[in-house]
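Working notes for the structure below.
Please treat every number below as a calculation from the coordinates, not as lab data. Please read these numbers as outputs of a predicted model, since none were measured by experiment. Every residue, glycine among them, receives a Cβ derived from its backbone with ideal geometry; neighbour counts consider all protein chains shown.
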Amino acid sequence: MKLLLTSAGISNTSIHNALVDLLGKPVAAASALFVPTAIYGLPNGGDIARRVICGSLGDPFCELGWKSLGLFELTALLSIKREVWVPILQETDALLVGGGDCQFLTYWMQRSGLADLLPSLLNKTIYVGLSAGSMIMTRYGTTFGNHTLPPETDRSLGLFDFAIHPHLDHEMFPKNSLANLEKLATTIPVPSYLIDDQTAIKISDGAVEVVSEGHWKLLQTDKNK
């Protein structure tokens, strides 16, 4: 399994190089599918998705110059035959999973059937997460509470035994100060990676590597040492 779990996208040369290394070829020679689903758990989610696709919001992600780019909307999959959408997934080089609400995204990952496919799919396809799209692959996720899902709905898929806390010390996320995230990490029974928008977690065949041109911190509390 090969994944690149970012805070904000392909924000610098080091993260871009990590992506190319995982792909095994240039971005311009690779196909990608963008999953915008998580963003619908936020106000104005549709417009945010448009801006991410166009590259007018945040760091490069969809507009990196992919050979081809398609949209893959999880909420539509229940009404489409699996033999239509599964081959599309299997033929793509990179699955780009955008940010937003972890709980909403996790629900639709599971409800659509994509979550069950991930272990086999990621033998070939590279998973590239952004914010919530990264968090759901770990043991910790959050929610903004703008949906109507039951409160006990899973907030992450738990494929990896650590937590990711993105947007460290970002001016738009005042609750994500180092002090606040350190305090939060003490309540989580797995190691926590606190990462800013210039940092990503690269996973290749079980090996976990921090790729950064910014600031990050790994916290292991008494609960997970």
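The table that follows gives values for the structure above.
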| item | result |
| --- | --- |
| VAL97 long-range amide H proximity, modeled H, under 5 Å | VAL35, VAL128, GLY129, LEU130 |
| Fraction of beta bridges assigned by DSSP in the chain that are antiparallel (%, nearest 5) | 45 percent |
| Spacing of the two label points (7 Å from each Cα toward its C-beta) at PHE144 and VAL84, in nm | 2.9 nm |
| Above-threshold pairs, the threshold being 32 Å between Cα atoms, out of LYS2/LYS217; LYS67/LYS202; LYS81/LYS124; LYS124/LYS217; LYS25/LYS175 | LYS25/LYS175 |
| Packing rank of 204-210, 105-111, 2-8, where each peptide gets the mean count of other beta carbons within 10 Å, highest leading | 2-8, 105-111, 204-210 |
| Antiparallel bridges, percent of DSSP beta bridges restricted to segment 91-218 (to nearest 5) | 55 percent |
| Shape of the chain, Cα gyration tensor, a/c cut at 1.5 | rounded |
| By average C-beta atoms within 10 angstrom, highest first, the peptides 129-137, 94-102, 178-186 | 129-137, 94-102, 178-186 |
